[in-house]
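Structure first, commentary second.
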Amino acid sequence: MAELIVENVVKEYPTPTPAAPLRVLGGVSLKLHSGENLAILGPSGSGKSTLLHVMGGLDAPTSGTVTLDGQNPFALSEKELAHFRNRNIGFIFQDHHLLPQLTVLENVLLPTIAEGSPDASLKQRARDLIERVGLSERMTHRPAELSGGERERVAVARALIHNPVLLLADEPTGNLDRKNATAIGELLLELQKQENTMLVVVTHSLELADMLSRRVELEDGALVN
Ligand code: ADP
């Protein structure tokens, strides 16, 4: 069973005064196992995205460690880390980050292209995922031809293409109306269960947090339960 272990993570950013860096995370620890999900709540600027980026290997902590499936991503070379992230972690962002010139199918296959052209089984998985997010009629459409909720569904399918052990979502419903937000929350949870991944969702939405089984709150860079 895969595990995510965050131990005493401190994240500081430099300021013009070298002796007084900006401390965004002040020693955060948490643990998650396959099949578990967690909501991270907290006011704007409390460090939620920073914590998500550190968990996802996008941003190295100043001190402390992250272990995902037995590996410390920050001990890897830059090239190895890019491969590790691509294979093990699925990211879903509020503004979906889809490429406008690509079709739905091509966008879902995008993470596979970094590692050579996708084989038949990856293409089949992409089509299956698109069907599971309810967009089988939209395979060849481009993002501009989709609604906000549909674009977010494509982002969910893309995040799952490599069967990630960890799925990270940053305000996945932030741009959506209530009905679409609930639908995306339900979809995320359904797919997380089917795929038996870990899911961490950063959100302002108490409704979305209520759908998840665990929640923590960030306050001044520290977790309060
Ligand atoms: P949240 O997601 O909770 O809104 P963030 O993690 O985005 O909070 O940001 C927390 C704090 O860290 C903010 O004060 C922000 O300005 C600061 N911050 C984030 N990224 C950087 C960076 N690359 N350099 C300097 N400060 C940053």
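Bear in mind that the values in this text are calculations on the coordinates, not laboratory data. Since this is a predicted model, take the numbers as computed values, not measurements. Cβ coordinates were reconstructed from backbone atoms using ideal geometry, including for glycine residues, and neighbour counts include every protein chain displayed.
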Can you tell me the Rg and the Dmax, both Å, for the Cα atoms in the stretch 1-83? 13.6, 44
Quick note on 81, 4, ordering by fewest other C-beta atoms within 10 Å, gives 81, 4
Contour minus Cα-Cα distance for residue 20 and residue 215 (0.36 nm per residue): 67.1 nm
If every Lys and Arg gets +1 and every Asp and Glu gets -1 at its Cβ, then about the Cα centre the stretch 93-183 yields a dipole, in debye to the nearest 20, of 180 debye
Which value in nm describes the separation of the simple spin-label points at residue 193 and residue 131, placed 7 Å from the Cα toward the beta carbon? 2.1 nm
Under unit Cβ charges (Lys, Arg +1; Asp, Glu -1), what dipole magnitude, rounded to 20 debye, does the stretch 3-224 have relative to its Cα centre? 220 debye
203, 50 arranged by Cβ crowding within 10 Å, fewest neighbours leading: 50, 203
Quick one: compute a quarter of the convex hull surface over the Cα atoms of the stretch 110-169 and quote it in nm². 4.5 nm²
Could you tell me what % of all Cα pairs in the stretch 1-140 have separations over 17 Å? 69 percent
Between 42, 77, 140, whose Cα lies farthest towards the positive end of the dipole of the stretch 3-224 when Lys and Arg beta carbons carry +1 and Asp and Glu beta carbons carry -1, centred on the Cα centre? 140
Based on the Kirkwood radius over alpha-carbon pairs, what value in µm²/s does the Stokes-Einstein equation return for the translational diffusion coefficient of the stretch 129-225 at 37 °C and 0.692 mPa s? 230 µm²/s
Once you put a point 7 Å from the Cα of residue 124 and another 7 Å from the Cα of residue 178, both along the Cβ direction, what distance in nm separates them? 4.3 nm
Averaging sequence separations of C-alpha pairs under 8 Å and six or more residues apart, then dividing by the length of the chain, give the relative contact order as a whole percent. 30 percent
Set the Förster distance to 22 Å, then compute FRET efficiency between residue 97 and residue 141 from the Cβ-Cβ distance, nearest 0.05. 0.80
Cut-off is 10 Å between beta-carbons; in what order do 99, 38 appear when sorted fewest neighbours first? 99, 38
